[in-house]
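The structure appears right after this line, and notes come after that.
The values are calculated or read from the model by the stated rules, or taken from the named source; none is laboratory data. Keep in mind that what you see is a predicted model, and the values were worked out from it rather than measured. Note that each Cβ is placed from the backbone with ideal geometry, even for glycine, and that neighbours are counted across all protein chains shown. Heads up: the accessible areas ignore ligands, DNA and RNA and are worked out on the full protein's heavy atoms, side chains in. Shrake-Rupley method; radii C 1.70, N 1.55, O 1.52, S 1.80 Å.
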Amino acid sequence: FVTTPLADLSPADLAAFLETQRAAYEALKGRGLKLDLTRGKPSAEQLDLADRLLTLPTSTRDADGVDVRNYGGLTGIRQIREMFADLLWVEPSQVVAGGNSSLSIMHDCLVHLLLHGAQESPRAWAAEEKITFVCPVPGYDRHFTMLASHGIEMVTVDMHEDGPDVEAVARLVKDDPSVKGMWIVPTYANPSGSVISQEKAAALASMDTAAPDFRIFWDNAYAFHHLTEDEAKSADIITLCSAAGHPNRPLMFASTSKITYAGSGVAFLAASEANVAWYTGHEQFASIGPDKVNQLRHVEFFGSAQGVRDHMAKHRAILAPKFAAVDTALSTELAGLGIADWSKPTGGYFVNLDVLDGTATRVVALAKEAGIVLTPAGASYPYGKDEHDRNIRLAPSFPTLGEVETAMAGVATCVALAAAESLAAGHDDKV
Ligand code: PMP
């Protein structure tokens with residue numbers, strides 16, 4: 001049993017460690033596993049929590065007497081706007097309750113910006129020679145692929161435990177008017193789990209930008225997804241930006257995808273009233289109104305903002321042991337070896353695993369051969385390019401607890417084997 005950093009082992013001890021890991025890996029392969037830790041999907045047990053939705057709504061009218069079965073009401077029904085305004089610490093007038101996907105609202109906002117620009121834009125973004133977004137890394141792969149699909153350039157900044165490197169962001173936005181926006185998952189970020197501090201949020205709100213129409217895409221997908229009693233409170237970016245004289249800078253997104261049903265929930269945009277008017281001004285040509293039946297169903301299901309919080313506690317009871325199992329497996333196998341670092345998130349859906357530089361692709365391939373599917377190495381970087389080849393995103397929500405335990409013990413073996421191979425090859429090179 002080795003607890004010395006692998007890099008400090010003698011060539012003979014390292015060779016012995018490598019042999020042990022090879023044997024462990026062969027045994028792992030022999031088990032014929034079929035496990036998947038790729039995407040942050042809720043488990044069936046979590047989805048079951050929301051099954052009362054299938055019997056709702058009991059009414060066909062919202063609190064204002066509007067028949068939800070009919071067309072209309074582009075901003076969504078009043079009760080759900082009020083409920084989520086309370087949860088997101090904004091005013092109901094600053095909330096649009098839309099369809100089933102916040103990612104679609106983000107995409108709509110981006111496309112409206114490209115085709116029409118924002119209130120402060122000199123011209124449509126697509127008419128600019130170049131558009132650039134600042135992307136904290138590691139980050140959410142779908143954010144990056146969305147930008148890539150529209151030919152938007154990406155520059156990266158590092159994500160830390162308290163949010164992105166805001167000094168780096170400030171430098172990038174200051175003199176270059178092509179830098180029009182940035183992504184940020186402020187609460188329990190995908191995949192690092194980090195929560196942005198008030199100070200960093202205030203810095204983003206007040207920084208000088210060369211572009212007069214700079215937008216922060218504030219994707220609060222995990223705002224209520226706590227894994228401990230220490231519940232993070234998202235920084236109030238809308239008030240911070242407004243106080244700093246940039247009321248239209250933030251576009252906040254959220255949804256009930258990881259609260260009720262993923263893909264059949266309700267998605268939200270929260271922003272200044274001017275931004276709400278800008279968004280609905282364009283959206284009116286795309287939709288006669290959202291699925292109000294689904295919105296009313298959610299209102300009846302939750303009852304109140306507190307009902308949402310209470311519901312999240314049930315998710316926590318299912319998810320927290322799975323995250324604990326990830327930490328236990330990695331600590332048991334890898335602590336002290338100096339070949340892996342991993343996050344211990346207090347919320348959200350992911351664990352960020354950094355392995356020995358240059359081995360992430362090998363780890364994912366080894367795991368795949370042993371029947372454990374991981375997110376492709378580098379997925380959390382624009383264009384899938386992790387220059388250090390060290391980052392792996394783990395998503396333990398979907399498998400059962402037993403499967404997470406088995407899969408993670410296997411992943412730890414792959415991490416150790418890949419590191420030992422790489423270090424042993426280094427020794428050989430020196431000979
Ligand atoms: N944003 C982030 C950061 C996510 O992780 C996800 C889902 N994995 C989404 C958005 C997708 O949200 P929705 O289902 O509302 O489109």
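Residues of the stretch 226-247 being surrounded by 20 or more Cβ atoms within 10 Å (Cβ to Cβ) and either closer than 22 Å to Gly348 by Cβ or touching a residue at least 40 places away in the same chain (Cβ under 8 Å) (or both), which ones?
His226, Leu227, Ala232, Ser234, Ala235, Ile237, Ile238, His246
When you go through (1) within 19 Å of the chain's Cα centre (by Cα); (2) surrounded by 21 or more Cβ atoms within 10 Å (Cβ to Cβ); (3) among the small types (Gly, Ala, Ser) one by one for Ser197, which number turns out not to apply?
(2)
Can you find, within the stretch 329-354, the residue that is least open to solvent (accessible area, probe 1.4 Å) among those that are in contact (Cβ under 8 Å) with a residue 24 or more places away in the chain and among the hydroxyl-bearing types (Ser, Thr, Tyr)?
Selected residue: Tyr349.
Just give me the residues in the stretch 150-181 being open to solvent by 30 Å² or more (accessible area, probe 1.4 Å), closer than 24 Å to Ala126 by Cα and within 19 Å of the chain's Cα centre (by Cα), in sequence order.
Within the stretch 150-181, Val155, Thr156 meet the criteria.
When you look at Leu366, is it in a loop (DSSP other than H, G, I, E, B), more than 16 Å from the ligand (Cβ to nearest atom) and open to solvent by less than 20 Å² (accessible area, probe 1.4 Å), yes or no?
When the stated conditions are applied, Leu366 does not pass them.
Taking only pairs six or more apart or across chains, which ones have beta-carbon atoms under 6 Å, a first residue in the stretch 103-124 that is assigned by TED's automatic domain parsing to the domain that holds Gln284, and a second residue that is assigned to a loop (DSSP other than H, G, I, E, B) and within 16 Å of the ligand (Cβ to nearest atom)?
Every condition considered, the pairs that remain are Ile105/Gly98.
Only one of these is surrounded by 15 or more Cβ atoms within 10 Å (Cβ to Cβ), assigned to a helix (DSSP H, G or I) and more than 16 Å from the ligand (Cβ to nearest atom): Leu110, Leu114. Name it.
The conditions single out Leu114.
Restrict the check to the stretch 334-346 and report whether at least one residue is within 17 Å of the chain's Cα centre (by Cα) and in a strand (DSSP E or B).
yes
Taking Arg362, is it basic (Lys, Arg) and farther than 30 Å from Phe17 by Cβ? Break it down stepwise before answering.
Values: basic (Lys, Arg): yes; farther than 30 Å from Phe17 by Cβ: no.
No; evaluated as a whole, the condition is false for this residue.
Step by step: first the residues of the stretch 95-107, then only those that are assigned to a helix (DSSP H, G or I) and touching a strand residue (DSSP E or B) at 6+ places or on another chain (Cβ under 6 Å), then the one that is farthest from Asp176 (Cα to Cα). Which residue is that? First the steps, then the outcome.
Quick first cut of the stretch 95-107, residues assigned to a helix (DSSP H, G or I) only: 102-107.
Still in the list and also touching a strand residue (DSSP E or B) at 6+ places or on another chain (Cβ under 6 Å): 102, 105-106.
Details: Ser102: 29, Ile105: 27, Met106: 23 Å.
Restricting to residues being assigned to a helix (DSSP H, G or I) and touching a strand residue (DSSP E or B) at 6+ places or on another chain (Cβ under 6 Å), the top hit is Ser102.
Would you confirm, using the coordinates I've provided, whether His143 is away from the ligand (no atom under 16 Å from the Cβ), under 30 Å from Leu296 (Cα atoms) and either basic (Lys, Arg) or open to solvent by less than 30 Å² (accessible area, probe 1.4 Å) (or both)?
Numbers: away from the ligand (no atom under 16 Å from the Cβ): no; under 30 Å from Leu296 (Cα atoms): yes; either basic (Lys, Arg) or open to solvent by less than 30 Å² (accessible area, probe 1.4 Å) (or both): yes.
The answer is no for His143.
In this structure, does Thr55 turn out to be within 16 Å of the ligand (Cβ to nearest atom) and either open to solvent by less than 40 Å² (accessible area, probe 1.4 Å) or among the polar types (S, T, N, Q) (or both)?
For Thr55, the condition - within 16 Å of the ligand (Cβ to nearest atom) and either open to solvent by less than 40 Å² (accessible area, probe 1.4 Å) or among the polar types (S, T, N, Q) (or both) - is not met.
Residues of the stretch 1-35 being among the hydrophobic types (A, V, I, L, M, F, W, C) and either touching a Leu at 6+ places or on another chain (Cβ under 7 Å) or not in a helix (DSSP H, G or I) (or both), which ones?
Passing the criteria: Phe1, Val2, Leu6, Ala7, Leu9, Leu14, Phe17, Leu33, Leu35.
If Val68 satisfies every condition in (1) crowded, with 18+ Cβ neighbours inside 10 Å; (2) touching a strand residue (DSSP E or B) at 6+ places or on another chain (Cβ under 6 Å); (3) among the β-branched types (Val, Ile, Thr) but one, which is the exception?
(2)
The conditions are (1) polar (S, T, N, Q); (2) within 13 Å of the ligand (Cβ to nearest atom); (3) surrounded by 21 or more Cβ atoms within 10 Å (Cβ to Cβ), and Ser272 fails exactly one of them. Which is it?
For Ser272, the exception is condition (2).
Which ones in the stretch 397-423 are of a type in the set (A, V, I, L, M) and either open to solvent by less than 20 Å² (accessible area, probe 1.4 Å) or free of Cβ contacts under 8 Å to residues at least 40 places away in the same chain (or both)?
Val404, Ala407, Met408, Val411, Ala412, Val415, Ala416, Leu417, Ala418, Ala419, Ala420
Touching a strand residue (DSSP E or B) at 6+ places or on another chain (Cβ under 7 Å), more than 16 Å from Trp218 (Cβ to Cβ) and within 16 Å of the ligand (Cβ to nearest atom), is that true of Pro138?
Considered against the rule, which asks whether it is touching a strand residue (DSSP E or B) at 6+ places or on another chain (Cβ under 7 Å), more than 16 Å from Trp218 (Cβ to Cβ) and within 16 Å of the ligand (Cβ to nearest atom), Pro138 comes out as yes.
From the residues in the stretch 173-193 that are among the hydroxyl-bearing types (Ser, Thr, Tyr), within 16 Å of the ligand (Cβ to nearest atom) and out of contact with any Gly (no Cβ under 6 Å at 6 or more places or on another chain), which one is farthest from Phe144 (Cα to Cα)?
The selected residue is Thr187.
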